[in-house]
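Values quoted throughout were computed directly from the atomic coordinates according to the rules given, and no laboratory measurement underlies them. Keep in mind the model is a prediction, meaning the values are calculated, not measured. Here the Cβ is made from the backbone with ideal geometry for all residues, glycine too, and neighbour counts use every protein chain on show.
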Amino acid sequence: LPETPLNLAALKTMRIHSDIWLLFENGTVLRYRQGEQMPYSLDNSVTAPAEPADLWVGDVGDETIYLGDALAERILVFDKATGEYQEQFQAAEGTPLNGLRSLFVDTIHGTEYILTDSNLFQERLPQ
């Protein structure tokens, strides 16, 4: 456990993939390893998520982080090791990601699953 108490009131989601990853309502991502907070921040060259919905952290061999932004109806992709921005996914038209709630990424099959308030989408990951 961290030596400094951590206020989890604004915690949006937590993922565990060798490290513990915490996503907060303000878009901050914290990374812990063996109880110690690791220096980590997401690249600020892209507009921060206005309303973070969910975080998906790649397993060993998948060095990506997917962060769903419900308000902007997009999914941001970052490098897991450095936090560097890589790309974003948005619908070409319409608002299919309205009410974005959750993400699941299957890199083995090249598929992402996106849950909204009213739909579950299965999309191929770009090559």
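Overview of results
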read-out: Fewest-first sequence of 17, 109 by Cβ atoms within 10 Å of each Cβ; value: 109, 17
read-out: Protection proxy ranking, peptides 19-28, 63-72, average beta carbon neighbours within 10 Å, highest first; value: 63-72, 19-28
read-out: Neighbour-count order for 123, 36, fewest beta carbons within 10 angstrom listed first; value: 36, 123
read-out: In Hz, Karplus ³J(HN,Hα) per residue of the stretch 10-15 (6.51, -1.76, 1.60; θ = phi - 60°; x = Gly, Pro); value: 9, 5, 8, 7, 9, 10
read-out: Net dipole in debye of the chain [+1 Lys, Arg Cβ; -1 Asp, Glu Cβ; about Cα centre; nearest 20]; value: 220
read-out: Residues 115, 76, 11, sorted so that the one with the fewest Cβ neighbours within 10 Å comes first; value: 11, 115, 76
